[in-house]
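**Q** Quick one: structure below, then a few questions.
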Ligand code: PSV
Ligand code: MN
Ligand code: MN
């Protein structure tokens, strides 16, 4: 099979989900640098997401974050997405920004705060019903800052209770993804600090609960592709929040810090046959574009995922299997690295031309006039909701 045939077969199905909040202003705790032309409401965020999809042909859905994307009429929002040629992806719950959540949300010691937080999770399932989304994404900032502050074990019980109530409210074709994070904003314990904790809760809940891997949420040096392989085998990998990091939860563009890591992750996906949408793995971006222009950064990110996936597709699977069986350590590694070092950019340019897309989506965006249009039309764009 030619390299082009292999890439065509693999990339046909690859869909990267962009995040509504990445189109809005964002920053660090030190400063938010407002950018011209950013969306003023969720409808405009969807319009920007649609531009990314039109230029790349590979970003057909956009994730929402509630309440950052709360609107009066969700059916209208979903319809707007449809008109624009995209659909609503995962609904991200937000139980980390109210004053009530200082000591936690679903694991708070006060039952009335836990009730409020769980009610928000249920509200997010209402949003899924109204928008046609099939995925609820849960991330909890919950945890403690000081030893002795609260019972680690009691907080696990409270978490399990809220998750079970939420799980039981899911419709037949809906699922929930539980995200973990090593630290931040809690610095002593996080209630879901790692994939093992998330996996154990998901196992207890049932088949509609799966783990989501945010690539920025691990200790330095963690072997993420091992986690991917393990969870795929257990049928408990629901998807990714892709981004890249040099230090902690940097939320930089995926593939920017460590393209080789992304390649290794995509190799596990490809070799498990999990690129196919039937496998149900959501390839989502969870990034902030604090200093770089947002739409081009998101286009770049989608292209990075495509490029590293294409390289992973080019690994000669049968030669690799033979080398592995023969215990040929160096031969196996050489086959693996050969694919990584292959320049797939000309093949991908041709792949785009074959689909009626521009060979260079970055240049096509610059020439499209869209940036000038939104800069002129949109005044007073939204802040994503955090980083102020
Ligand atoms: C938390 O750091 C996180 O990765 C979660 O996915 C949040 O929902 C997201 O960031 C939004 O900033
Ligand atoms: Mn995330
Ligand atoms: Mn994060």
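Every number here is computed from the coordinates shown, using simple stated rules; none is lab data. Here the structure is a predicted model, which means the values were calculated and not measured. Here the Cβ positions follow ideal geometry from the backbone for every residue, glycine too, while neighbour counts run over all protein chains shown.
**Q** Please arrange 330, 177, 103, 308 by counting, for each residue, the other beta carbons lying within 10 Å of its beta carbon, fewest first. Intermediate values should be presented prior to the final figure.
**A** On the way: 330 8, 177 26, 103 18, 308 23.
Least to most surrounded, the residues fall as 330, 103, 308, 177.
**Q** At residue 96 and residue 247, where each label point lies 7 Å from the Cα along Cα→Cβ, what is the point-to-point distance in nanometres?
**A** Going from the residue 96 label point to the residue 247 one covers 1.8 nm.
**Q** Then there's this: Please state the shape class of segment 209-286: rounded when a/c is under 1.5, otherwise prolate if a/b exceeds b/c and oblate if not, all from the C-alpha gyration tensor. List each step's numbers first, then the result.
**A** Values: a/c = 1.69, a/b = 1.67, b/c = 1.02.
Prolate shape, in that a/c is at least 1.5 and a/b is the bigger ratio.
**Q** Find the centroid of the Cα atoms in segment 168-202 and in segment 326-361, then give the distance between the two in whole Å.
**A** Here the two parts' Cα centres lie 34 Å apart.
**Q** Listed highest first by mean packing, meaning other Cβ atoms within 10 Å per residue, what order do 362-370, 13-21 come in? Intermediate values should be presented prior to the final figure.
**A** Details: 362-370: 14.6, 13-21: 23.3.
Listed from highest to lowest mean packing, they are 13-21, 362-370.
**Q** Where is the GNM fluctuation largest for the chain (alpha-carbon springs, 10 angstrom cutoff): 59, 257, 200?
**A** It is 200.
**Q** Can I ask one more? Just from its helices, what would the mean residue ellipticity at 222 nm be for the chain, if runs of 4 or more DSSP H residues each count -39500 (n - 2.57) and the sum is divided by every residue, rounded to the nearest 500 deg cm²/dmol? Please report the intermediate quantities before stating the final value.
**A** Details: 14 runs with 176 residues, N = 388.
After summing the helix terms and dividing by residue count, I get -14500 deg cm²/dmol.
**Q** If you average the C-alpha positions of segment 49-63 and of segment 1-41 separately, how far apart do those two centres end up, in angstrom?
**A** After rounding, the separation between the Cα centres reads 8 Å.
**Q** Something else about it: How would the chain be classified by its alpha-carbon gyration tensor: rounded, prolate or oblate, with rounded meaning a/c under 1.5 and the a/b versus b/c comparison settling the rest?
**A** Working: a/c = 1.73, a/b = 1.18, b/c = 1.46.
It is oblate, given that a/c is not under 1.5 and a/b is not larger than b/c.
**Q** Take the chain, connect every pair of alpha-carbon atoms lying under 10 Å apart with a spring to form a Gaussian network, then pick out the residue of 305, 329, 38 with the largest mean-square fluctuation.
**A** Result: 329 has the largest fluctuation of those listed.
**Q** Based on the mean of other beta carbon atoms within 10 Å per residue, what is the order of 43-51, 2-10, 311-319, 190-198, most packed first?
**A** By packing density, highest mean first, the sequence is 43-51, 190-198, 311-319, 2-10.
**Q** What relative contact order, as a whole-number percentage, does the chain give when Cα pairs under 8 Å and 6 or more residues apart are counted?
**A** On the way: 717 pairs, mean separation 89.1, N = 388.
Once divided by the residue count of the chain, the mean separation gives 23 percent.
**Q** Here is a follow-up. Going by average Cβ neighbours within 10 Å, how do the peptides 112-123, 286-297 rank, with the highest at the top? Intermediate results must be reported in sequence, preceding the final value.
**A** Values: 112-123: 17.5, 286-297: 20.7.
Highest mean packing first, the order is 286-297, 112-123.
**Q** A further question on this structure: Apply 1/(1 + (r/R0)^6) to the Cβ-Cβ distance of residue 30 and residue 260, taking R0 = 45 Å, and write down the FRET efficiency to the nearest 0.05. Numbers along the way, then the final one.
**A** On the way: r = 31 Å, r/R0 = 0.68.
Given R0 = 45 Å and the Cβ-Cβ separation, E is 0.90.
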